[in-house]
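Read the structure below first, then the notes.
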Amino acid sequence: MQPFELPEFYMPYPARLNPNLEGARAHSKAWAYEMDMIDVPQNGTVIWDEHDLDSHDYALLCAYTHPDCDGPELNLITDWYVWVFYFDDHFLELYKRTHDWDNARAYLDRLRLFMPVEGPITEQPTNPVEAGLADLWARTVPAMTADWRRRFVDSTKALLDESLWELANINKGRLSNPIEYIEMRRKVGGAPWSANLVEHAAKAEVPAVIAASRPMHVLRDTFSDAVHLRNDLFSYEREVHDEGELSNGVLVFEKFLDIGTQEAAEAVNDLLTSRLHQFEHTTLTELEPLFDEHAVDPEGRLKVLAYVKGLQDWQSGGHEWHMRSSRYMNKEAAQGSFPLGPSGLGTSAARLVPALLSSLADRARRHANVPFRPIGPIAMPPIDLPFGTTLSPHLDQARENVIEWGARMGLFDPVPGGPPHEGVWTEAKMRDYDLPLCSAGIHPDASPEALDLTSGWLAWGTYGDDLYPVVFGRTPDMAAAKVTTARLKQLMPVDGPPTAVPASALERGLADLWVRTAGPMTRENRAAFRSAVDVMVDSWLWELENMHLNRIPDPVDYIEMRRKTFGSDMTMALSRIGHGEQVPPEIFRTRPVQALENSAADVAWMINDIYSYQKEIQFEGEVHNLIRVVEHFLDAPLDRAITVVGDLLAARLDQFLHVIEVELPALFEDYSLDQQARQTLQRYAQELKHWIAGILIWHEDCRRYKEEHLQRQFGHESPGAVGAGAAVASWRLPKGLGTSAARLTPPVSVG
């Protein structure tokens with residue numbers, strides 16, 4: 001009996017079948033035999049026999065997912081998929097089932113030798129996986145640019161290397177949290193790798209000038225998430241019941257949300273649908289402005305659109321294949337019993353109109369946020385930090401210095417489009433916000449000058465985040481906001497003087513901070529820091545666009561963009577730059593360090609979303625808050641959404657500590673880091689603890705989120721201010737204004 005009934009899938013694009021299917025079947029079978037993938041024991045175990053290959057029918061998968069390419073190209077693409085699935089099963093039998101960590105690492109390390117970005121392969125293959133990769137690499141890369149080759153190498157390495165992450169979790173019986181799962185599934189699941197092959201098959205290489213842009217990343221990531229979540233639904237029975245696999249989205253949702261398997265499957269399908277809607281939204285609203293911004297020529301635009309079409313073909317074709325392959329749980333699908341209609345060969349077009357109609361309600365609901373809802377103070381979830389921080393002894397002076405700096409920059413002056421008789425900020429507001437308190441906890445050992453600089457950056461970033469919706473949020477015209485953002489970037493030169501003269505408080509503040517911060521840096525570090533600030537100011541435009549559309553963001557897009565709107569990239573860039581000479585730069589790009597930073601960032605901004613919920617929803621009419629996003633996605637009452645967000649915060653905090661305690665020591669050994677590099681990374685982890693603890697203390701003790709301050713700031717009772725009276729926060733540690741000193745020294749470790 002199946003563990004759940006397959007849900008009603010959103011699939012508006014009809015699947016089409018490549019007419020070269022039979023040729024690809026014959027070719028791929030002959031190729032698999034040539035590579036010794038069929039009936040040839042590996043360490044005493046036969047991975048596949050001919051029946052396995054025939055029943056999996058990877059040629060059918062490729063004929064569905066690449067319906068328009070010619071015969072030779074379909075043969076090549078099919079061989080790639082035969083190889084990647086053989087690798088998956090080969091790795092499972094030899095290393096996952098046996099928990100053979102050491103040999104698994106050596107096995108994966110050798111595969112890199114068969115993917116040189118430049119030059120020939122010089123190593124001799126020793127097993128079918130190596131032989132297949134060597135053959136495919138030589139047949140694939142000559143047609144593509146060096147930029148594509150580098151991207152394909154990166155996605156292939158991620159696909160191979162992060163298999164160790166799955167193996168480590170199996171060895172420890174560790175189930176990932178939902179955010180970690182989505183991030184890691186993109187790497188181990190292989191869909192970004194598939195997206196690279198779409199470029200090859202469609203002869204539609206994405207122009208290098210936009211390949212790293214947000215819209216192209218979103219298209220790739222939404223495509224990937226939808227592919228992987230669909231696969232999780234079809235493969236749950238085999239992976240969870242037969243293989244003991246922990247990397248499955250249905251299982252992750254089931255355990256994290258504490259719900260039944262059927263309900264978890266429906267939630268996974270809802271997220272799959274949301275990601276497809278995000279794909280469509282990005283295609284229709286972000287590509288044309290991207291083309292114009294980067295002056296992409298007509299040929300480049302056509303290639304990107306062909307790439308988008310290729311990704312859509314992959315989605316619909318992959319769905320059809322999952323309904324037919326013996327590899328998956330699809331008995332109901334094969335019998336044509338899906339609620340959306342028939343599912344036989346060539347009938348997917350019959351599901352087009354029902355799929356579109358079934359999505360209308362959710363699309364409308366996403367744009368139907370009711371602003372300024374009466375809510376009052378919320379009952380907060382517990383936030384239990386097993387570490388603390390101290391406060392800088394220079395705090396009191398920094399408080400006065402930042403006020404003087406703000407007045408000098410003009411932060412209290414009226415601005416066009418802002419309040420008529422005062423600035424977006426006043427001196428009283430800036431004192432209530434008390435950004436130096438946050439700086440003093442984040443950098444307790446900073447010099448007076450460094451503390452002033454950190455306080456200035458926090459004040460400037462918060463001021464900008466407040467200014468954009470006030471000045472630019474009242475009109476759907478994004479032109480002025482984009483001009484402002486472009487001018488900010490002109491004030492941060494990597495080389496030479498600024499190309500703009502500061503003309504507003506926001507610009508004067510940035511120009512002043514840039515000279516004081518970036519001036520002493522090397523050119524390389526200035527470029528890295530400039531990029532991090534660019535990311536933050538660009539994210540303000542993303543918020544404005546959602547505000548104009550009254551659009552509640554897709555949950556995955558929100559989480560990934562929230563790190564940017566919170567300024568996490570900028571803060572961490574400053575810290576990384578300070579440690580760059582002691583740690584090889586590639587170490588900061590490893591999965592454990594990225595997991596350390598992302599989990600720390602998520603804890604920090606989730607603290608902010610919890611504390612700011614009343615301010616943003618009741619007083620500002622916002623849609624950018626995780627509690628609001630969860631309310632919408634789960635169609636859940638407020639108390640349930642708060643619980644889920646609290647659980648997510650706790651899970652990310654657990655992951656942050658897990659990386660420090662388990663994954664960083666393993667990283668030290670894997671890369672043979674010297675003592676200085678190890679100590680630097682350990683110090684960086686300690687700084688991130690200070691960052692989280694300092695942010696929590698600031699939220700507890702500043703007046704930015706207190707209801708009485710909100711009433712005074714907005715000058716009237718908001719529609720939701722009367723009779724709200726929810727319970728106060730539940731903390732294990734002391735709380736309230738003036739009690740933060742009780743948390744300044746780290747509590748006893750719980751670990």
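The values are calculated or read from the model by the stated rules, or taken from the named source; none is laboratory data. Everything numeric in this text was worked out from a predicted model, so none of it was measured. Reconstructed Cβ throughout: ideal geometry from the backbone, glycine too, with neighbour counts over all protein chains shown. Areas reflect the complete protein model, heavy atoms only, side chains present, ligands, DNA and RNA absent. Shrake-Rupley method; radii C 1.70, N 1.55, O 1.52, S 1.80 Å.
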ask   = Dipole magnitude of the chain about its Cα centre, charges +1 at Lys/Arg Cβ and -1 at Asp/Glu Cβ only, in debye to the nearest 20?
value = 1500
Amide H contacts under 5 Å for residue 42, placed H, 5+ residues apart = 47
note = So, with points 7 Å from each Cα along the Cβ direction, the residue 51-residue 686 label distance in nm works out to 6.1
ask   = In debye, nearest 20: dipole of the stretch 482-523 around its Cα centre with unit charges on the Cβ of K, R (+) and D, E (-)?
value = 100
key: Loop GluC sites (Glu not before Pro), the stretch 26-123 (other Cβ atoms within 10 Å of the site Cβ: 13 or fewer; DSSP)   = 118, 123
inquiry  = For residue 551, project a label point 7 Å along Cα to C-beta. Then give me every residue of the stretch 429-468 with its amide nitrogen under 20 Å of that point.
reply    = 468
query = Given the rule -39500 (n - 2.57) for each run of at least 4 DSSP H residues, summed and divided by the residues of the chain, what is its mean residue ellipticity at 222 nm, to the nearest 500 deg cm²/dmol?
reply = -19500 deg cm²/dmol
ask   = What aspartates and glutamates sit close enough to residue 489 to cross-link, taking a C-alpha to C-alpha distance under 15 Å and skipping anything fewer than 8 places away on the same chain?
value = 293, 507, 512, 534, 538
note = Listed by chain and number, the lysines with an alpha carbon less than 21 angstrom from that of residue 482, same-chain partners under 8 positions apart left out, are 564
query = Which percent of the accessible area of the chain is formed by carbon and sulfur heavy atoms (probe 1.4 angstrom)?
reply = 55
remark   = Kirkwood-based Rg/Rh on the Cα set of the chain evaluates to 0.97
message = Tell me the per residue accessible area of the stretch 415-467 using a 1.4 Å probe; a whole number in Å² is fine.
response = 34
ask   = Under the Karplus relation 6.51 cos²θ - 1.76 cosθ + 1.60, θ = phi - 60°, what is the ordered set of whole-Hz ³J(HN,Hα) values for the stretch 672-678, x standing for Gly and Pro?
value = 6, 6, 6, 4, 5, 5, 4
request  = Note the angle between two axes, namely the Cα long axis of helix 568-579 and the longest principal axis of the Cα atoms of the chain, as a number of degrees from 0 to 90, rounded to the nearest 10.
outcome  = 90
request  = Could you grab the relative contact order for the chain? Cα pairs under 8 Å, six or more apart, rounded to a whole percent.
outcome  = 15
message = For a quick check of your reading of the filter: which chymotrypsin sites (Phe, Trp or Tyr not before Pro) in the stretch 152-235 sit in a DSSP loop and have no more than 12 other Cβ atoms within 10 Å?
response = none
request  = Please quote Rg/Rh for the stretch 519-648 to two decimal places, taking the Kirkwood radius as Rh and restricting both calculations to Cα atoms.
outcome  = 1.04
ask   = For the stretch 1-56 and the stretch 556-630, what is the separation of their C-alpha centers, rounded to whole Å?
value = 40
inquiry  = Can you compute the label reach from residue 367? Point 7 Å from Cα along the Cβ direction, backbone N cut-off under 19 Å, restricted to the stretch 503-545.
reply    = 542-545
The stretch 490-634 - percent relative contact order, Cα under 8 Å, separation 6 or more = 24
request  = Would you calculate the separation in nanometres between label points at residue 640 and residue 208, each defined as 7 Å from the Cα along the Cα-to-beta-carbon direction?
outcome  = 5.1
request  = Round to the nearest 10 and give me the degree value, 0 to 90, for the angle of helix 128-140's Cα axis relative to the longest principal axis of the chain.
outcome  = 80
task = Measure nothing fancy, just the Cα-based angle from helix 101-111's long axis to the longest principal axis of the chain, in degrees from 0 to 90, nearest 10.
result = 80
request  = Working with all protein chains in place, sort 454, 98, 65 by solvent-accessible area computed with a 1.4 Å probe, largest first.
outcome  = 98, 454, 65
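Roughly speaking, what is the stretch gain from residue 238 to residue 39, that is 0.36 nm per residue apart minus the C-alpha to C-alpha distance, in nm to one decimal?
Working: separation 199, 0.36 × 199 = 71.64 nm, distance 2.22 nm.
Gain in length upon complete extension: 69.4 nm.
Find how much the distance from residue 8 to residue 708 grows on full extension, using 0.36 nm per residue of separation minus their present alpha carbon separation; answer in nm with one decimal.
On the way: separation 700, 0.36 × 700 = 252.00 nm, distance 4.74 nm.
Between residue 8 and residue 708, full extension yields 247.3 nm more.
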query = In the stretch 385-486, what GluC sites (Glu not before Pro) fall in a loop by DSSP, with at most 15 other Cβ atoms inside 10 Å?
reply = 422
remark   = On the formula 1/(1 + (r/R0)^6), with r taken between the Cβ atoms of residue 258 and residue 379 and R0 of 25 Å, the FRET efficiency rounded to 0.05 is 0.85
note = With x for Gly and Pro, the residue-by-residue ³J(HN,Hα) of the stretch 207-217, computed from phi through the Karplus equation 6.51 cos²θ - 1.76 cosθ + 1.60 at θ = phi - 60° and given in whole Hz, is x, 4, 5, 10, 4, 9, 6, 4, x, 6, 5
inquiry  = So if I place +1 on the C-beta of Lys and Arg and -1 on the C-beta of Asp and Glu, and nothing else carries charge, what would the dipole magnitude of the stretch 375-441 be about its Cα centre? I want it in debye, nearest 20.
reply    = 80
query = At a Förster radius of 30 Å, what calculated FRET efficiency corresponds to the Cβ-Cβ distance of residue 516 and residue 422, to the nearest 0.05?
reply = 0.65
